[in-house]
Amino acid sequence: MKAPSSLTGPILTPGGTIPHGTIHWDSSGRITRIETHGVPIPHDSEAAGRLICPGFINLHVHGGLGADTLDADPAALETIAGDQARQGVTAFLPTAASASRGTLEAVCSAVRGYRAGRKPGDPGGAEILGLHLEGPYFNPARAGAQNPAHFRDPDWDEFEALRLASGEAIRLVSLAPERDPGGGFIRKAVAAGVRVAAGHTNADYGTMRRALAQGIAHATHVFNAMPGLHHRNPTGLNALLEDDRVHLELIPDCTEIPHVHPAAIRLLKRLVGPDRICTVTDAVSAAGCPDGAYRLGDLPIRKAGEMVFLESSPAERGEGRLAGSVLAMNAGIRNLVEKCGFSLEEAVRTAAANPARAIGIESDKGSLVPGRHADLVVLRPETFEVVATYVRGVKVFGNG
């Protein structure tokens with residue numbers, strides 16, 4: 001049977017929703033045209049009563065279904081890619097928590113080997129765009145659920161070796177700016193085409209402002225693992241929020257103990273608007289698994305319902321004990337709409353167009369316009385259930 005090269009149904013485009021449309025793509029997996037029909041026409045059974053959206057892009061995800069990026073195993077990456085596709089994610093950055101140089105080198109080699117052996121759109125799942133190194137250049141005072149035994153100052157020679165081991169696939173590195181006071185590492189990374197994010201940091205306002213001038217343009221899970229806002233002694237968060245160049249990762253899990261309370265998310269939207277926010281999951285290996293014991297790198301963690309905690313004190317459900325999340329991307333988008341005051345179009349932008357722009361791939365991904373990749377997700381808008389996911393025009397997930 002010939003693979004489909006079009007879908008008919010309601011289509012979410014940058015100009016709004018086309019109620020009756022058909023999106024077409026060519027054999028290279030790029031969108032060729034989007035037709036608008038003045039009257040309803042028969043929909044594809046897959047898209048009937050549903051919404052065709054741009055595929056989601058997850059810039060920060062450690063794992064799922066028992067697999068962790070730090071496993072440094074192509075099979076683990078394949079598991080994560082398949083799990084992401086089920087959530088409507090068409091492209092993502094597997095994220096490595098802080099670890100030894102040897103472990104990170106193995107992760108980089110695994111990502112390089114996986115990408116070399118797989119064509120985009122293969123049935124394995126979402127496309128791996130590259131790698132996000134979340135650490136190891138962090139402040140122990142803001143360790144969160146990372147192992148401070150692995151924290152160290154930014155080392156350009158080490159990072160360049162990792163970058164080469166990955167096949168120059170590191171797209172994003174998160175660090176505490178106070179560990180690079182002269183900004184030399186930040187400037188070199190930016191010059192090499194790597195986005196630099198502020199995260200797990202105790203930086204004050206002045207330190208963060210200098211880091212922004214040196215090239216930081218991204219915030220790792222905003223509000224988390226950094227000082228909060230202060231009206232008299234402004235913090236690094238104040239600087240991140242007021243700089244329009246900065247994209248802000250947000251984990252909208254909206255659980256009993258949320259990463260960010262819906263009230264704070266609503267305030268964030270008022271302060272910066274929806275176009276600087278990048279929805280991420282920060283999901284760990286326990287995502288999609290039964291409650292129980294798992295690992296985040298070399299740290300033991302425990303999944304309990306919709307949350308995951310450091311195993312050292314799973315009953316201590318308080319600040320500092322959360323260990324990533326078990327959030328699915330489509331559930332995060334649903335939370336933004338149902339609990340945080342976002343329209344459906346705004347919520348989808350935080351998961352598609354905004355992250356594409358944040359890492360400089362907006363000419364290929366993030367919105368449904370001719371010339372860009374046919375990365376599509378078919379959603380049931382009333383439930384946000386993913387019906388199908390297409391990567392460059394190839395179906396990588398279907399839910400009947």
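The values are calculated or read from the model by the stated rules, or taken from the named source; none is laboratory data. Keep in mind that this is a model prediction, so the values were computed, not measured. Using ideal geometry, Cβ is built from the backbone for each residue, glycine included, and neighbour counts are taken over all protein chains shown.
Would you point out the residue of region 280-309, among those that are acidic (Asp, Glu) and in contact (Cβ under 8 Å) with a residue 60 or more places away in the chain, that is nearest to LEU70 (Cα to Cα)? Can you show your working first?
Applying the first criterion (acidic (Asp, Glu)) to region 280-309 yields 282, 291, 298, 306.
Add one more test, that the residue is in contact (Cβ under 8 Å) with a residue 60 or more places away in the chain, and what stays is 282, 298.
On the way: ASP282: 14, ASP298: 9 Å.
That would be ASP298.
Quick check on SER98: is it among the small types (Gly, Ala, Ser), surrounded by 23 or more Cβ atoms within 10 Å (Cβ to Cβ) and either farther than 26 Å from VAL386 by Cβ or at pLDDT 95 or above (or both)? I'd like the intermediate steps shown before the answer.
On the way: among the small types (Gly, Ala, Ser): yes; surrounded by 23 or more Cβ atoms within 10 Å (Cβ to Cβ): yes; either farther than 26 Å from VAL386 by Cβ or at pLDDT 95 or above (or both): yes.
Yes; evaluated as a whole, the condition is true for this residue.
Looking at (1) at positive phi; (2) modelled with pLDDT under 95, can you tell me which one PHE223 breaks?
Checking PHE223 against (1) at positive phi; (2) modelled with pLDDT under 95, the one that fails is (2).
Considering PRO136, PRO154, which residue is within 30 Å of ARG321 (Cβ to Cβ), in contact with a helix residue (DSSP H, G or I) (Cβ under 7 Å, 6 or more places away or on another chain), in a loop (DSSP other than H, G, I, E, B) and at pLDDT 95 or above?
On the way: PRO136 fails: in a loop (DSSP other than H, G, I, E, B).
Being within 30 Å of ARG321 (Cβ to Cβ), in contact with a helix residue (DSSP H, G or I) (Cβ under 7 Å, 6 or more places away or on another chain), in a loop (DSSP other than H, G, I, E, B) and at pLDDT 95 or above holds for just one of PRO136, PRO154, which is PRO154.
Looking at ALA85 and the list (1) in contact (Cβ under 8 Å) with a residue 60 or more places away in the chain; (2) of a type outside the set (Phe, Trp, Tyr); (3) out of contact with any helix residue (DSSP H, G or I) (no Cβ under 9 Å at 6 or more places or on another chain); (4) not in a helix (DSSP H, G or I), which single condition is not satisfied?
Only one criterion is unmet by ALA85, namely (4).
At pLDDT 95 or above, crowded, with 22+ Cβ neighbours inside 10 Å and farther than 19 Å from VAL284 by Cα, is that true of ALA239?
Values: at pLDDT 95 or above: yes; crowded, with 22+ Cβ neighbours inside 10 Å: yes; farther than 19 Å from VAL284 by Cα: yes.
Yes; evaluated as a whole, the condition is true for this residue.
Let me confirm something: among VAL348, VAL337, which residue is within 18 Å of CYS278 (Cα to Cα) and out of contact with any strand residue (DSSP E or B) (no Cβ under 9 Å at 6 or more places or on another chain)?
Values: VAL348 fails: out of contact with any strand residue (DSSP E or B) (no Cβ under 9 Å at 6 or more places or on another chain).
Being within 18 Å of CYS278 (Cα to Cα) and out of contact with any strand residue (DSSP E or B) (no Cβ under 9 Å at 6 or more places or on another chain) holds for just one of VAL348, VAL337, which is VAL337.
Given the options ILE257, ILE265, ILE251, ILE216, name the one that is modelled with pLDDT under 95 and either crowded, with 24+ Cβ neighbours inside 10 Å or over 30 Å from PRO154 (Cβ atoms) (or both).
ILE257
Of all residues in region 7-31, count the ones that are in a strand (DSSP E or B) and either of a type outside the set (S, T, N, Q) or under 27 Å from the mean Cα position of the chain (by Cα) (or both).
As a first pass, look at region 7-31 and keep what is in a strand (DSSP E or B): 7-13, 16-25, 30-31.
Pick out the ones that are also either of a type outside the set (S, T, N, Q) or under 27 Å from the mean Cα position of the chain (by Cα) (or both) and you get 7, 9-13, 16-21, 23-25, 30-31.
The qualifying residues number 17.
Taking interchain pairs and intrachain pairs at least six residues apart, which have beta carbon atoms under 7 angstrom, with the first residue in region 383-400 and at positive phi and the second assigned to a strand (DSSP E or B)?
ARG392/HIS373; GLY393/TRP25
Quickly run through region 370-394 and pick out the residues that are within 15 Å of ILE333 (Cα to Cα) and either in contact with a Pro (Cβ under 8 Å, 6 or more places away or on another chain) or not in a strand (DSSP E or B) (or both).
VAL377, PRO381, GLU382, THR383, PHE384
Touching a residue at least 40 places away in the same chain (Cβ under 8 Å) and basic (Lys, Arg) - does that describe any residue in region 337-350?
There is at least one residue in region 337-350 that is touching a residue at least 40 places away in the same chain (Cβ under 8 Å) and basic (Lys, Arg).
What number of residues within region 213-238 satisfy the criterion of being touching a residue at least 12 places away in the same chain (Cβ under 8 Å) and within 23 Å of the chain's Cα centre (by Cα)?
16
Being in contact (Cβ under 8 Å) with a residue 12 or more places away in the chain, in a loop (DSSP other than H, G, I, E, B), under 19 Å from the mean Cα position of the chain (by Cα) and under 26 Å from ALA81 (Cα atoms) is the requirement here; does GLY144 meet it? Break it down stepwise before answering.
Working: in contact (Cβ under 8 Å) with a residue 12 or more places away in the chain: yes; in a loop (DSSP other than H, G, I, E, B): yes; under 19 Å from the mean Cα position of the chain (by Cα): yes; under 26 Å from ALA81 (Cα atoms): yes.
For GLY144, the condition - in contact (Cβ under 8 Å) with a residue 12 or more places away in the chain, in a loop (DSSP other than H, G, I, E, B), under 19 Å from the mean Cα position of the chain (by Cα) and under 26 Å from ALA81 (Cα atoms) - is met.
PRO381: over 21 Å from ALA219 (Cβ atoms), in contact with a strand residue (DSSP E or B) (Cβ under 8 Å, 6 or more places away or on another chain), modelled with pLDDT under 95 and not hydrophobic (A, V, I, L, M, F, W, C), yes or no? Please lay out each step first, then the result.
Values: over 21 Å from ALA219 (Cβ atoms): yes; in contact with a strand residue (DSSP E or B) (Cβ under 8 Å, 6 or more places away or on another chain): yes; modelled with pLDDT under 95: yes; not hydrophobic (A, V, I, L, M, F, W, C): yes.
So PRO381 fits the description; yes.
So, GLY88, is that one in contact with a Phe, Trp or Tyr (Cβ under 7 Å, 6 or more places away or on another chain) and at positive phi or not? Talk me through it step by step, then tell me what you get.
On the way: in contact with a Phe, Trp or Tyr (Cβ under 7 Å, 6 or more places away or on another chain): yes; at positive phi: yes.
Taking the combined requirement at face value, the residue satisfies it.
When the residues of region 336-389 are filtered to those that are β-branched (Val, Ile, Thr) and over 23 Å from HIS60 (Cβ atoms), which remaining residue is surrounded by the fewest Cβ atoms within 10 Å (Cβ to Cβ)? So that I can check it myself, show each step before the final result.
Filtering region 336-389 down to residues β-branched (Val, Ile, Thr) leaves 337, 348, 350, 359, 361, 369, 377-378, 383, 386-387, 389.
Filter once more, so that each one left must be over 23 Å from HIS60 (Cβ atoms): 369, 378, 383, 387.
Values: VAL369: 12, VAL378: 26, THR383: 9, VAL387: 20.
Selected residue: THR383.
I'd like the residue in region 163-180 that is of a type in the set (A, V, I, L, M, F, W, C) and without any contact (Cβ under 8 Å) to a residue 60 or more places away in the chain and, out of all such residues, is surrounded by the fewest Cβ atoms within 10 Å (Cβ to Cβ). Working first, answer last.
Applying the first criterion (of a type in the set (A, V, I, L, M, F, W, C)) to region 163-180 yields 164-165, 169-170, 172-173, 175-176.
Next, only the ones that are without any contact (Cβ under 8 Å) to a residue 60 or more places away in the chain stay: 164, 173, 175-176.
On the way: LEU164: 13, VAL173: 26, LEU175: 29, ALA176: 28.
The qualifying residue surrounded by the fewest Cβ atoms within 10 Å (Cβ to Cβ) is LEU164.
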